[in-house]
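The values are calculated or read from the model by the stated rules, or taken from the named source; none is laboratory data. Given the structure is predicted, the values throughout are model-derived calculations rather than measurements. Here the Cβ is made from the backbone with ideal geometry for all residues, glycine too, and neighbour counts use every protein chain on show.
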Amino acid sequence: MKLWGGRFTKPTNQLMDEYTASITFDKKLAKYDIQGSLAHVEMLKVCGIIPAADADKIAEGLQIVLEKIESGEAELSEEHEDIHMNVEKLLIEEVGAVGGKLHTGRSRNDQVALDMRLYLRDAIGTTIQLLAAVQKSLINQAKANLDTVMPGYTHLQRAQPVLFGHHMMAYVFMFQRDTERLMDSLKRVNKSPLGAGALAGTTFPIDRQFVADKLGFDGICENSLDAVSDRDFVVEFLANASLISTHLSRLCEELVQWSSAEFNFVELDDSFTTGSSMMPQKKNPDVAELVRGKTGRVYGHLIGMLTTLKGLPLAYNKDMQEDKEGMFDTFETLKGALALFAPMIDTMHVKKENMYAAVKNDFSNATDLADYLVGKGMPFRESHAVVGQVVLNCINNGKYLLDLTLDEFQSFSELIESDIFDVLTPETVVNARDVAGGTAKRRVEEQIKQAEQVLDSAGLSEL
């Protein structure tokens, strides 16, 4: 007989048991379920709802059940549907009928919402730490490449030279926004739903705030209907995870491009690449490709959760059992990607000479020629047209700007003087962008300092 089977005259169909059971995946919540139960039973004791001796016996039994689950000794069964019923069944086997008092004043509806909030609170903390480790790796590469000039791109066309360190720092700030979003979400995750019961609260004189304090929550969910039907916090985590995955995927795309023979800007360490079963020369950026690929998987879980919720009336519905697998898989997918990313970036070899050669053989200094003419008094729109003609002439004659003679420059504008050859060097072009947030070396050093201060203030700099 099921623990809820008092009004039923037949056992459930075995196929139904298999189809509706969630124990195969919600067993991940075991420690959180027992953590919540320990706080709940202590509250029942303090409030005088169950005798102190019974509460103590239940608490001892729960600790034993947790040990048996974590050691693999306990058998979790589909017959008992989910982690809540399995824990309660194991508890009753351990301490006898008194274990049945544990569920006084609560429902699986508020219980599962509690478990998921506890799980996500830990998952968010882990994700923040892993993000900090990735940021640290990117900062290290930025520091090591404060003099490494590379082509900057728009539309994947050469645009203006930038420091490679500047490029790395762009991702540091992306991941910082991700961290801030995760930290902000905690104030919505970290509220206790326990005590909401099935949907309307409970007739027992419970103390919801006691449980919330015991479990380290900032407060309680204010409305019992909302408490059991709310999965906004799951959606928010999935959305935040999707943005993190987007940022990882963008960097992965660049790593794949940069490590190709066509770019040849970086080489990923052997320990983060694979070979071909047929072609012995191959070195494939599989980690970067797979992280890029798994981004679609994370997006899918977000869309799936939104779709599940969109037509549900209040309060709890069995559809909401679908909230867990996507959440679990998203966290595991993200955790794996971030854990690999930090050492992959740390061990990446940057081919500075190839980057510099690429910058010398393009027209990414053309804007500086236009700005030079503006500095001599020419209106920018006119200087833009003049430089366009200079570039066209170079293309037609197989030259770049620094290949021109002073006479050739002056054939387009007499305002150009001999100092133009210094103005158009890659180093000068980069350091001319000496504005806050720009790519000049000292501005990149400012960005590094700012990012390190943020990590320091959050206690994450040593990761």
Handout entry: Odd one out for residue 156, checked against (1) touching a helix residue (DSSP H, G or I) at 6+ places or on another chain (Cβ under 6 Å); (2) free of Cβ contacts under 8 Å to residues at least 60 places away in the same chain
Key = (1)
Handout entry: Residue list for the range 385-407, restricted to those being surrounded by 17 or more Cβ atoms within 10 Å (Cβ to Cβ) and either in contact with a Pro (Cβ under 6 Å, 6 or more places away or on another chain) or in contact (Cβ under 8 Å) with a residue 40 or more places away in the chain (or both)
Key = 400
Completion exercise
Considering residues that are surrounded by 21 or more Cβ atoms within 10 Å (Cβ to Cβ) and at pLDDT below 95, the number found within the range 23-54 is 1
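Kindly indicate whether residue 272 is among the aromatic types (Phe, Trp, Tyr), touching a helix residue (DSSP H, G or I) at 6+ places or on another chain (Cβ under 9 Å) and over 30 Å from residue 43 (Cβ atoms).
Judged against the criteria, residue 272 is a match.
Just checking, which of 88, 81, 94 is out of contact with any Phe, Trp or Tyr (no Cβ under 7 Å at 6 or more places or on another chain) and surrounded by fewer than 19 Cβ atoms within 10 Å (Cβ to Cβ)? Full working, then the answer.
Numbers: 88 fails: surrounded by fewer than 19 Cβ atoms within 10 Å (Cβ to Cβ); 81 fails: surrounded by fewer than 19 Cβ atoms within 10 Å (Cβ to Cβ).
Of the residues listed, the single one that is out of contact with any Phe, Trp or Tyr (no Cβ under 7 Å at 6 or more places or on another chain) and surrounded by fewer than 19 Cβ atoms within 10 Å (Cβ to Cβ) is 94.
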Completion exercise
Taking the range 246-268 and keeping only residues that are in contact (Cβ under 8 Å) with a residue 40 or more places away in the chain and of a type in the set (Ser, Thr, Tyr), one is left with 246, 249
Problem - Subset of the range 391-419 that is of a type in the set (Val, Ile, Thr) and within 46 Å of the chain's Cα centre (by Cα) - its residue that is nearest to residue 375 (Cα to Cα) - result: 391
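Would you mention how many residues in the range 428-447 are farther than 10 Å from residue 166 by Cβ, among the hydrophobic types (A, V, I, L, M, F, W, C) and touching a residue at least 40 places away in the same chain (Cβ under 8 Å)?
The first filter runs over the range 428-447 and keeps only residues farther than 10 Å from residue 166 by Cβ, leaving 428-429, 431-432, 434-436, 442, 445-446.
Then keep just the ones that are among the hydrophobic types (A, V, I, L, M, F, W, C); that gives 429, 432, 435-436.
Next, from what is left, pick out any that are touching a residue at least 40 places away in the same chain (Cβ under 8 Å): 429, 432.
Selection size over the range 428-447: 2.
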Handout entry: the range 136-158 - residue that is over 20 Å from residue 428 (Cβ atoms) and of a type in the set (Lys, Arg) and, of those, surrounded by the most Cβ atoms within 10 Å (Cβ to Cβ)
Key = 136
Fill in the blank from the handout: Across the range 171-195, the tally of residues that are out of contact with any strand residue (DSSP E or B) (no Cβ under 9 Å at 6 or more places or on another chain) and of a type in the set (Gly, Ala, Ser) stands at 1
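Could you please let me know if residue 76 is in contact (Cβ under 8 Å) with a residue 40 or more places away in the chain and more than 30 Å from the chain's Cα centre (by Cα)? Can you show your working first?
Working: in contact (Cβ under 8 Å) with a residue 40 or more places away in the chain: yes; more than 30 Å from the chain's Cα centre (by Cα): yes.
Yes, satisfied.
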Practice task
List the number of the failed condition for residue 101; all other conditions in (1) part of a helix (DSSP H, G or I); (2) under 25 Å from residue 17 (Cβ atoms) hold.
Solution key: (2)
Practice task
Identify, from the list 61, 72, 36, the residue that is on the phi > 0 side of the Ramachandran plot and either outside the structural domain of residue 220 (by TED's automatic domain parsing) or in contact with a Cys (Cβ under 7 Å, 6 or more places away or on another chain) (or both).
Solution key: 72
Practice task
Kindly provide the set of residues from the range 182-198 that are outside any helix (DSSP H, G or I) and either more than 24 Å from the chain's Cα centre (by Cα) or buried (at least 22 other Cβ atoms within 10 Å of the Cβ) (or both), ordered by number.
Solution key: 192, 193, 194, 195, 196, 197, 198
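Select from the range 199-224 the residues that are of a type in the set (A, V, I, L, M) and surrounded by fewer than 17 Cβ atoms within 10 Å (Cβ to Cβ) and list them in ascending order. Walk me through how you get there before you give the answer.
Keep residues of the range 199-224 that are of a type in the set (A, V, I, L, M), which gives 199-200, 206, 211-212, 215, 220.
If the condition is that a residue be of a type in the set (A, V, I, L, M) and surrounded by fewer than 17 Cβ atoms within 10 Å (Cβ to Cβ), then 200 is the only one that fits.
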Practice task
Spot the failing condition for residue 158; the list is (1) assigned to a helix (DSSP H, G or I); (2) of a type in the set (Lys, Arg); (3) over 21 Å from the mean Cα position of the chain (by Cα), and only one is missed.
Solution key: (1)
